[in-house]
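Worksheet: the structure to be examined is printed underneath.
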Amino acid sequence: MAKKPTLDLTKYVRFYEQMVYIREFEELIGKEWNNAAAHGMGGYMHLYSGEEAIAVGLIGGMDLSAGDCFIGHYRDHGYALAAGSDPGEVMAEICGKATGCSKGKGGSMHICDAARGFYGGYGIVGGNVPIALGLGWALKYRNQKNVCACFFGDGSMNQGAFHETLNMAQLYKVPVIFALENNGYAMGTSIERSHANQNLRSRVDSFAMRSVTINGQDIFEVHEQMSQIIQEMKEDPHPVFVEFKTYRYHGHGAADTPVTQSTYRTRDEVARAKEEKDPIKFAQAKLIDAGVLTNEMIADIQARAYASAEAAMKFSDESPYPDPSELIKDVYA
Amino acid sequence: MARLRYADAISSALREEMLADDRVFIAGEEVGQYLGTLGVTSGFLKEFGPMRVVDTPISEVGILGLGIGSAMAGLRPVCEMMRMDFAMVAYDQVINHAAKIRYMFGGQFKVPMVIRGPSGVGRQLSAQHSQSLEVLFAHVPGLKVVVPATPADMKGLLKTAMRDDNPVIVMEALRLYFEKPDVLDAILPGLSEVPDDPDFTVPFGQANVLRVGTDVTLIGYSTMTIQCLKAANILAQEGISAEVVDLRTLLPLDMATPIASIKKTHRAVVVQEQWGLYGCAAEISAQIAERAFHDLDAPVQRVTGAFVPMPYARNLENISFPSEHDIVIAAKRTLGR
Ligand SMILES: Cc1ncc(C[n+]2csc(CCOP(=O)(O)OP(=O)(O)O)c2C)c(N)n1
Ligand SMILES: [Mg+2]
């Protein structure tokens, strides 16, 4: 890696703000889940709290307006918000409204934003990974100086599709960032109980693919490293596997209650992660230290983030459900 | 008789067969330590240990391979798919392998395994988690396909599946899992009742007349049998006597029972939760046309789900699969009303 350039701290204040926006958005959904039916929410509902720095830092290092793109799995609200999607449209999708980004047809697991290069969130574990190969292939095919990021969880690495894809990506040198969000668990199954080799990064060594491990709770590390890597991928197209170490605060989905969570992790473990590894607190402390963030700014950002989430919910609540005629539309192009 | 929920019937069938036959083991995601995604294997890990209740990675190909190979080698695996949609990841293991092994090797091997899991439309789970894909399995020689509607059939058919010497696909209706006995019994008295006898089983290939009637035959399976029963209740209020035939298994398929019913009522409505095109209802309608054409007083009506991926929005989801009212309308159409 090249010598570290001095940090553009105003950019990090913006990233900090984005992380707070995502957190407030997710926490509002978590809170309103008691009222899910009234809002139109249903399904599983996978929240991103605790993992914000990955989407914000990585997507923040891409140039979406110039053709960079990304694809994700079902824990996907944060990707869209990090890319600058309209929070109202994301919330409306989560509530199955006509104004949602997928017209209310996809729901929480299937957010997308074609205009921002977000090729969607997918619900089959590992199913999005091969598609990233194709997205990257198209970039290379057209000689674009662009990259594609593919977000997936540790659980995906136990799908055959993952291994076929990584082999081909390396063989064809496609510019795809395979962004593993290693939060330690696939639903209620820990890495220890599901991966024969628990050093997940080393599992891709057999493909001779470039790889790196990044602390996914540290927005500075995520962004600096990814910006550098993206630049190198644009100069010389190749895939990179990135293991982001992170932690999920909520249950796997809304059905993973405190009772079911007690089968695989302690309340203490969650509390400790929130205390010691929170990406927002971490960034906050560093930015205060650097003198670019003040307590007044923090309070202001917090208030605006909360207001933004509330406004998104209000926009959704005031939006109509899809017209019944929508049922049969968009089956074919 | 016990009054059970569908999910309880699954648990009790699995547990009884595991107690009765130590070759039986269960493999799947979250079946052990997590106590089952939907709780049906709660307590099993503690009772039977980790060789018989196997927590797996998210590796459906591996889970089904584990099942097929160990079945060929003499064990009796039950492979749980967290949702049957995920079996598509490992469709090759089912279609190109499990279904072929008996025939392809001239009867030298058998594959006594069960592939089971929740299926069908749920609560706003949208396109990738709401499918009823039984037709994809029922199309393939070498497989058996079970589609229970009632707690008793769920238990009895699952037990038969676990004793069968062939690969059996058990499609469990997610929407029925936690339906309360009171709710079921209000639709049809006794609907939630399950015999206590541990040797109670339900044979494959025997459709069941759940409600006797004279004017029209409603043919369904799984969730749609329940919809047919609700429709029959509405029709009864309007003076129309509907007979409800529950198919129970799609492969083998018992056509004798529905045809005997049609010979009496001369009218038939066939109902299926998802896509009608090339679907199970199409097959049943064709067989009725072949075998009972002259007994019909009206064209057979099909009631099927909309030909679309399942939408998320609640209002769209609700109109994407057949309601009891759709069935009522179709039944009246056969009566010219
Ligand atoms: C092929 C397949 N099998 C099982 C599931 C059910 N499922 C959905 S998410 C999940 C856990 C995935 O964990 P991970 O990949 O680590 O992502 P995380 O939820 O931790 O972000 C499981 C088992 C699925 N959606 N697809
Ligand atoms: Mg995970």
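The values are calculated or read from the model by the stated rules, or taken from the named source; none is laboratory data. Predicted model only: the values in this text are computed from it and were never measured. Positions of Cβ are generated from backbone atoms using ideal geometry, with glycine treated the same way; all protein chains shown enter the neighbour counts. With ligands, DNA and RNA removed, areas are computed over all heavy atoms of the protein, side chains included. Shrake-Rupley method; radii C 1.70, N 1.55, O 1.52, S 1.80 Å.
What is the average number of partner chain Cβ atoms found within 10 Å of a Cβ in B:29-37?
Mean number of neighbouring Cβ atoms from other chains: 5.
Once you put a point 7 Å from the Cα of B:ALA186 and another 7 Å from the Cα of A:TYR172, both along the Cβ direction, what distance in nm separates them?
5.6 nm
Please compute, for peptide A:253-262, the average count of beta-carbon atoms on other protein chains lying within 10 Å of each residue's beta-carbon.
Counting other chains' Cβ atoms within 10 Å and averaging over A:253-262 gives 1.
Is segment A:216-258 rounded, prolate or oblate when judged by the Cα gyration tensor, a ≥ b ≥ c being the square roots of its eigenvalues, rounded requiring a/c under 1.5 and prolate requiring a/b larger than b/c?
Verdict is prolate for segment A:216-258.
Working from the alpha-carbon coordinates of segment B:50-145, get Rg over Rh, Rh being the Kirkwood radius.
Radius of gyration over Kirkwood radius for segment B:50-145 works out to 0.98.
In Å and whole numbers, how far do the C-alpha atoms of chain B stretch along each principal axis, longest first?
59, 45, 42
Skipping prolines and chain starts, which residues have an amide H placed within reach, meaning under 5 Å, of the one on B:LEU251, given they are 5 or more residues away or on another chain?
Result for B:LEU251 returns B:VAL145.
Quick one: of the DSSP bridges fully inside chain B, what percent are antiparallel, nearest 5?
That works out to approximately 20 percent antiparallel.
Probe radius 1.4 Å, ligands and nucleic acids ignored: give me the carbon and sulfur share of the accessible area of the protein assembly as shown as a rounded percent.
Roughly 55 percent of what the probe reaches on the protein assembly as shown is carbon or sulfur.
Segment B:85-134 to segment B:284-333: how many Å between their Cα centroids?
Measuring centre to centre over Cα atoms gives 25 Å.
I want the antiparallel fraction of DSSP beta bridges within the protein assembly as shown, as a percent rounded to 5.
15 percent
Nearest 5 percent is fine: what portion of the DSSP beta bridges confined to segment A:151-302 is antiparallel?
Roughly 10 percent of the beta bridges in segment A:151-302 run antiparallel, per DSSP.
Please report, in Å, the Rg and the Dmax of segment A:9-316, where both are computed over Cα atoms only.
Taking only Cα atoms of segment A:9-316, I get Rg and Dmax of 18.4, 52 Å.
Residue separation times 0.36 nm, minus the C-alpha to C-alpha distance between A:LYS145 and A:ASN34: what's the value?
Length gained, A:LYS145 through A:ASN34: 35.4 nm.
Stretch A:GLN198-A:GLU269 to full length: gain in nm at 0.36 nm per residue minus the Cα-Cα span?
Full extension of this stretch gives 23.6 nm more.
Along the three principal axes, how long is segment B:1-75 when you take its alpha carbons, biggest first, rounded to the nearest angstrom?
38, 25, 20
Please pull out the direction-averaged projected area of segment B:2-194, using the convex hull of its alpha-carbon atoms, in nm² to one decimal place.
Its Cα hull, projected and averaged over all orientations, spans 10.5 nm².
Would you please state which residues of segment B:242-270 a label at B:ASP295 would reach in this model, taking the label point 7 Å out along Cα→Cβ and a backbone N cut-off of under 11 Å?
Of the residues in segment B:242-270, B:255-268 have backbone N under 11 Å from the label point off B:ASP295.
When you count, for each residue, the other Cβ atoms within 10 Å and take the mean per peptide, how do A:184-192, A:97-105, A:252-260, B:108-116 rank with the highest first?
A:97-105, B:108-116, A:184-192, A:252-260
Across peptide A:122-128, what mean number of C-beta atoms from other chains lies inside 10 Å of a residue's C-beta?
That average works out to 5.
In what sequence, largest accessible area first, do B:VAL61, A:VAL292, A:VAL270 appear using a 1.4 Å probe?
Largest accessible area first, the list is B:VAL61, A:VAL292, A:VAL270.
Amide H to amide H, which residues 5 or more places from B:ARG302 or on other chains are under 5 Å from it, using H placed in the peptide plane?
B:VAL270
Mind giving me the FRET efficiency for A:ALA285 and A:ALA138? R0 is 51 Å, r the Cβ-Cβ distance, nearest 0.05 is fine.
Efficiency computed from Cβ-Cβ geometry: 0.80.
With r as the distance between the Cβ atoms of A:ALA115 and A:ASP317 and R0 = 22 Å, compute the FRET efficiency 1/(1 + (r/R0)^6) and round to 0.05.
0.35
For the pair A:ASN295 and B:ARG337, how long in nm is the line joining their label points, each one 7 Å along Cα→Cβ?
Rounded to a tenth, the inter-label distance reads 7.7 nm.
Modelled label-to-label distance, A:GLU276 and B:ILE234, 7 Å Cα→beta-carbon offset: nm?
In this crude label model, A:GLU276 to B:ILE234 measures out at 5.9 nm.
Highest first, please rank the peptides A:219-228, B:178-187 by the mean number of other Cβ atoms sitting within 10 Å of their residues.
Sorting A:219-228, B:178-187 by mean packing, highest first, produces A:219-228, B:178-187.
Kindly report the accessible area of segment B:2-194 per residue (heavy atoms of protein chains, probe 1.4 Å, no ligands, DNA or RNA), in Å².
Per residue, segment B:2-194 has 35 Å² of solvent-accessible surface.
What net charge do the residues around B:LYS100 carry, taking every other residue with its C-beta under 13 Å from that of B:LYS100, with Lys and Arg at +1 and Asp and Glu at -1?
Counting the neighbours of B:LYS100, the net charge comes to +1.
Which whole-number percent is the relative contact order of chain A (Cα, under 8 Å, 6+ apart)?
It comes to 24 percent, rounded to a whole number.
Which semi-axis lengths, in whole Å and largest first, follow from the square roots of five times the eigenvalues of the Cα gyration tensor of segment B:206-266?
Square roots of five times the eigenvalues give 19, 14, 6 Å.
Which three numbers, in whole Å and largest first, are the semi-axes of the equivalent ellipsoid of segment B:210-337 derived from its Cα gyration tensor as √(5λ)?
22, 17, 13
To the nearest µm²/s, what D does Stokes-Einstein give for segment B:144-242 at 10 °C and 1.306 mPa s, using the Kirkwood radius over alpha carbon pairs as Rh?
Approximately 110 µm²/s, per Stokes-Einstein.
Residues of segment B:26-68 with backbone nitrogen within less than 17 Å of a virtual label 7 Å along the Cα-to-Cβ line of B:LYS110, please, listed as ranges.
Zone members listed by number: B:68.
Assuming 0.692 mPa s and 37 °C, estimate D for the protein assembly as shown with Stokes-Einstein, Rh taken as the Kirkwood radius over Cα pairs, in µm²/s.
The estimated diffusion coefficient comes to 123 µm²/s.
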